[in-house]
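Heads up: the structure comes next, in structure tokens.
The values are calculated or read from the model by the stated rules, or taken from the named source; none is laboratory data. For clarity, every value in this text was computed on a predicted model and none was experimentally measured. FYI the Cβ positions are ideal-geometry reconstructions off the backbone, even for glycines, and counts take in every protein chain you see.
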Amino acid sequence: MNPLILITNDDGINSPGLAAAAEALHSLGDLLIAAPFEQQTSMGRSKTQQRRRDGTITKTTVKYGDHSWEGYSIKSTPALAVEHAIVELADRPIALAVSGINYGENVGSVVTASGTIGAALEAADKGIPTLAVSQEIDGHNFNPHIYNEAVDFSTAIHFTHQIAEKILNKSLPFDTDVLKMEIPISATTDTECFVTRLDRYSYYTPVIQDRENQMGTPARFSHEPNKGKYNKEDTDTYALAQGWVSITPLSIDLTSRVELPELAAILGTSVLIQ
């Protein structure tokens, strides 16, 4: 039996990036496409339910070029879309989950806010090997709520297929719960690909829009990418600045890497040892 591959995202069921992921993966197994009914960027791993996100599931069609697949539009957050897919829609265990292909890069400390990563972590939490893919977008005025049909996903399709095939054929090391892959806008299928660390860098700067510096009046934030900036040279932000594809292993274990006896000494406590 073919492996079952879950494809999801945070950009919504109508995102061309989601269709591009299906194009990358359809030759590797049977596809279960389940995504939020609308744009849900920056939702992280939220599972909030409300009237607009009541869990309603609707069948739809996802198209890329001459190919088309059945998909499911779910009134939910990205993380809840994954839960619905696993609990309600999958007819057998899911062999691989892929979140993306996202409009815009997810590098540095933004990953804890990213709906793309949130969906991936939800799948990983259920024991599913997971790949989260993001495509860098040009310009500082990109609106994630408007699909840009001019975005070329061909390189992202190439690397998504390549890495997904390897995940399906080999077990990932322990504590590698999600592979986060970033595709620079300048990348081609010949671009070098590196395994990197996650940078301790606040890549997106919040900027207040639509307010004349008056407290108490409505405000809206935009988040401007710090293109070409990074903290360290072994990181995802550095690779992006160089135009290289990066793959960063993420863990659902958020425990700090501090030596626990050192912290215990500072706090005047003991270390729990099992």
Inset, instruction - From the list Phe174, Phe194, Phe221, pick out the single residue that is over 18 Å from Gln135 (Cβ atoms), assigned to a strand (DSSP E or B) and aromatic (Phe, Trp, Tyr). - result: Phe221
Inset, instruction - Starting from the range 218-233, keep only residues that are farther than 18 Å from Ile185 by Cα, then list their pairs with residues that are among the aliphatic types (A, V, I, L, M) and not in a loop (DSSP other than H, G, I, E, B) whose Cβ atoms are within a distance under 8 Å, requiring at least 6 positions of separation or different chains. - result: Ala219/Ile208; Arg220/Ile208; Phe221/Val207; Phe221/Ile208; Ser222/Val207; His223/Val207
Legend entry - Flag if Leu254 is under 25 Å from Ala119 (Cβ atoms), within 22 Å of the chain's Cα centre (by Cα) and exposed (fewer than 10 other Cβ atoms within 10 Å of the Cβ): yes
Inset, instruction - Report, by residue number, each residue of the range 236-271 that is touching a helix residue (DSSP H, G or I) at 6+ places or on another chain (Cβ under 8 Å) and in a strand (DSSP E or B). - result: Val245, Ser246, Ile247, Thr248, Leu250
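Only one of these is closer than 16 Å to Asn106 by Cβ, surrounded by 11 or more Cβ atoms within 10 Å (Cβ to Cβ), of a type in the set (Phe, Trp, Tyr) and at pLDDT 95 or above: Phe153, Phe142, Phe194. Name it.
Values: Phe142 fails: at pLDDT 95 or above; Phe194 fails: closer than 16 Å to Asn106 by Cβ.
Residue meeting the stated conditions: Phe153.
Kindly indicate whether any position in the range 240-257 is farther than 30 Å from Asp190 by Cβ and among the aliphatic types (A, V, I, L, M).
Initially, the range 240-257 is screened for residues farther than 30 Å from Asp190 by Cβ, giving 251-257.
Checking which are among the aliphatic types (A, V, I, L, M) leaves us with 252, 254.
Checked the range 240-257: at least one residue is farther than 30 Å from Asp190 by Cβ and among the aliphatic types (A, V, I, L, M).
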Inset, instruction - Looking at (1) closer than 25 Å to Arg197 by Cβ; (2) out of contact with any Gly (no Cβ under 8 Å at 6 or more places or on another chain); (3) aromatic (Phe, Trp, Tyr), find the lone condition where Tyr147 falls short. - result: (1)
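Are any residues in the range 18-41 farther than 19 Å from Ala156 by Cβ and surrounded by fewer than 22 Cβ atoms within 10 Å (Cβ to Cβ), and if so, which ones?
First, the residues of the range 18-41 that are farther than 19 Å from Ala156 by Cβ: 30, 32, 34, 36-38, 40.
Within the range 18-41, Asp30, Phe37, Glu38 qualify.
Would you be able to tell me the number of residues in the range 5-55 that are in a loop (DSSP other than H, G, I, E, B) and touching a residue at least 24 places away in the same chain (Cβ under 8 Å)? Walk me through it before giving the result.
To start, the set of residues in the range 5-55 that are in a loop (DSSP other than H, G, I, E, B) comprises 9-15, 26-29, 37-49, 51-52, 54-55.
If we keep only those that are touching a residue at least 24 places away in the same chain (Cβ under 8 Å) too, we end up with 9-15, 26-29, 37-49, 55.
Looking only at that region, the number is 25.
For the condition surrounded by 15 or more Cβ atoms within 10 Å (Cβ to Cβ), in contact (Cβ under 8 Å) with a residue 12 or more places away in the chain and farther than 21 Å from Asn14 by Cα, what is the one hit in Ile101, Ile128, Ile137? First the steps, then the outcome.
On the way: Ile101 fails: farther than 21 Å from Asn14 by Cα; Ile137 fails: farther than 21 Å from Asn14 by Cα.
Step by step, each of Ile101, Ile128, Ile137 is checked, and only Ile128 is surrounded by 15 or more Cβ atoms within 10 Å (Cβ to Cβ), in contact (Cβ under 8 Å) with a residue 12 or more places away in the chain and farther than 21 Å from Asn14 by Cα.
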Inset, instruction - Scan the range 173-191 for residues that are surrounded by 15 or more Cβ atoms within 10 Å (Cβ to Cβ) and either of a type in the set (S, T, N, Q) or within 23 Å of Asp253 (Cα to Cα) (or both) and report the count. - result: 8
Legend entry - Sole exception among (1) over 22 Å from Gly118 (Cα atoms); (2) at pLDDT below 95; (3) in contact with a strand residue (DSSP E or B) (Cβ under 8 Å, 6 or more places away or on another chain) for Ile185, by number: (2)
